Amino acid sequence: MNEIRAPFRAYAPGTQPDNDSPQYRSTGLRHPTRPLLKIPQTITELTGPQFSPAHFPPTDNIAVNGTHEAVGERIIVEGFIRDEDGRPVANTMVEIWQANAAGRYNHPRDTHDAPLDPDFRGSGRVFTDSDGAYRFITIKPGSYPWSNHANAWRPNHIHFSLFGAGYATRLITQMYFPGDPLLELDPIFLATADAQARNRLIAKFDLDVGKQDYALGYRFDMYLRGRNATPMEDNHADHH
Amino acid sequence: MQTTTSQTIGPYWHLIEDRSWSDLTRFGATGEVITIEGTISDGAGAPAADACVEIWQTSPTACDEFPGFGRAATNEAGVFSFKTIMPGPVRGPGNTLQAPHLAVTILARGLMFHLATRLYFDKEPANENDPVLSLIEDKARRNTLMARQTKAGVWHLDIHLQGDAETVFFEI
Ligand SMILES: [Fe+2]
């Protein structure tokens, strides 16, 4: 049995947020009210899209527009993408998007009264190398207000989108910054019960990731679901 | 190390949107070209106008000409649309055969964790023995996954995040 057929492991209890998270108001009318139906991982869930840099050209430096530098504190963000067993997730596509240094998204629906920066588009795409490493150059995003509750502000964050080996490993997350006082007030960050799990969304400040006279650095490692040792077919009695 | 915690895709994910991705035939795939269209609505029946819909299909097999994967945004009316190749059946657990289907992922503001469901094709005889559809005990709810043909080559599915017509969502 090919290893690719081994199913992905269940998420550790409490480490993922509940869609029914009332403190985050937008969940109210959008979360399913009936229990999710557990289905077996078939070829559809065990495999997933593979993106090639040829079809999906990478942009790793989003702090510059041609020769124009974006306004803000330039940072380098790098890390590894591994599975739960520490195996590198190689050649996988990593997408990021974020607000500019003033806390404004280059997006028609963002009405926050903060300036747009013509030199900051706000999104990028890279691929991990054979060791699962990725690296972006960007600017530190600003905090922005939102309408969730009175005087609500999102902590500084960078959105991440990852695919991994299968449809079942899809991950959308946000990277936060150490020492941000808004974290403990943020219903999105707090929607995950396990404090250790949510704290792993906070990047580590690391001068060595940065570059002298150029940028500060942050390290942000991410982990995707690992595979069970037992191949899928053996989990289903109907096979025998 | 445990799997990294999911966070909402938020309302501004369009910064990574590339509209060409909703056309899975753009790299030259050939076959029975179909349009998949649908709507997403919330528990009050209002359109989810800022959602990201992703599809993944293992038939036909992904290759240079066919990515198997697509992404589309819902518009102000909660409508999304894809152009792809009609899938065939694929093998299921044990000796079963899965009816033609697409995996569908919904990501949106207000969803802390993406929702997984499937799109099947109404009146397809193989639906009767599909190993995933069969897990839905309330047969009426199987219809929440059935795209209906509205005209030649066009299939339509309404996805309800919440409420009486709530779509069946999966834990995978
Ligand atoms: Fe954001």
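The values are calculated or read from the model by the stated rules, or taken from the named source; none is laboratory data. Predicted model only: the values in this text are computed from it and were never measured. Here the Cβ positions follow ideal geometry from the backbone for every residue, glycine too, while neighbour counts run over all protein chains shown. For the accessible areas, the whole protein counts, side chains as well, though only heavy atoms, and no ligand, DNA or RNA atoms are used. Shrake-Rupley method; radii C 1.70, N 1.55, O 1.52, S 1.80 Å.
A few points about this structure:
The rows are residues; the columns are (1) surrounded by 18 or more Cβ atoms within 10 Å (Cβ to Cβ); (2) touching a strand residue (DSSP E or B) at 6+ places or on another chain (Cβ under 6 Å); (3) of a type in the set (S, T, N, Q); (4) assigned to a helix (DSSP H, G or I).
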site	(1), (2), (3), (4)
A:ASP131	no, yes, no, no
A:PRO145	no, yes, no, no
A:HIS159	yes, yes, no, no
A:ALA168	yes, yes, no, yes
A:ILE172	yes, yes, no, no
A:PRO181	no, no, no, no
A:LEU190	no, no, no, yes
A:TYR218	yes, yes, no, no
A:ALA229	no, no, no, no
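- Looking across region A:155-167, the residues that are within 13 Å of the ligand (Cβ to nearest atom), more than 12 Å from A:MET93 (Cα to Cα) and at the interface with chain B (Cβ under 9 Å from one of its Cβ atoms) come down to A:HIS157, A:HIS159.
- The test for being touching a residue at least 60 places away in the same chain (Cβ under 8 Å) and either surrounded by fewer than 20 Cβ atoms within 10 Å (Cβ to Cβ) or more than 9 Å from chain B (Cβ to nearest Cβ) (or both) does not hold for A:ARG34.
- Any hit, region B:97-104, residues being surrounded by 18 or more Cβ atoms within 10 Å (Cβ to Cβ) and closer than 30 Å to A:ASP110 by Cβ: yes
- B:VAL79 vs. criteria more than 29 Å from A:ARG225 (Cα to Cα) and either more than 16 Å from the ligand (Cβ to nearest atom) or crowded, with 23+ Cβ neighbours inside 10 Å (or both): yes
- Residues satisfying the stated conditions in region A:74-87, i.e. within 14 Å of chain B (Cβ to nearest Cβ) and either over 18 Å from B:THR5 (Cα atoms) or in a loop (DSSP other than H, G, I, E, B) (or both): A:GLU84, A:ASP85, A:GLY86, A:ARG87
- Matching residues in region A:97-123 - criterion: being closer than 24 Å to A:TYR223 by Cα and open to solvent by 10 Å² or more (accessible area, probe 1.4 Å): A:SER123
- A search for C-beta distances below 8 Å between a residue of region A:42-58 that is at the interface with chain B (Cβ under 7 Å from one of its Cβ atoms) and any residue that is assigned to a helix (DSSP H, G or I) and exposed (fewer than 14 other Cβ atoms within 10 Å of the Cβ), counting only pairs 6+ apart in sequence or on different chains, returns A:THR47/A:ILE4.
- Qualifying residue in region B:26-49 (condition: within 26 Å of A:PHE80 (Cα to Cα) and within 7 Å of chain A (Cβ to nearest Cβ)): no
- The set of residues from region A:148-173 being free of Cβ contacts under 8 Å to residues at least 60 places away in the same chain and out of contact with any Ser or Thr (no Cβ under 8 Å at 6 or more places or on another chain) comprises A:ALA150, A:ASN151, A:ALA152, A:HIS157.
- Residue selected from region B:5-23 under the condition surrounded by 18 or more Cβ atoms within 10 Å (Cβ to Cβ) and among the polar types (S, T, N, Q), by the criterion farthest from the ligand (Cβ to nearest atom): B:SER22
- Residue ID - farthest from the other protein chains (Cβ to nearest Cβ), chosen from residues in region A:103-152 that are farther than 17 Å from A:VAL71 by Cβ and among the basic types (Lys, Arg): A:ARG135
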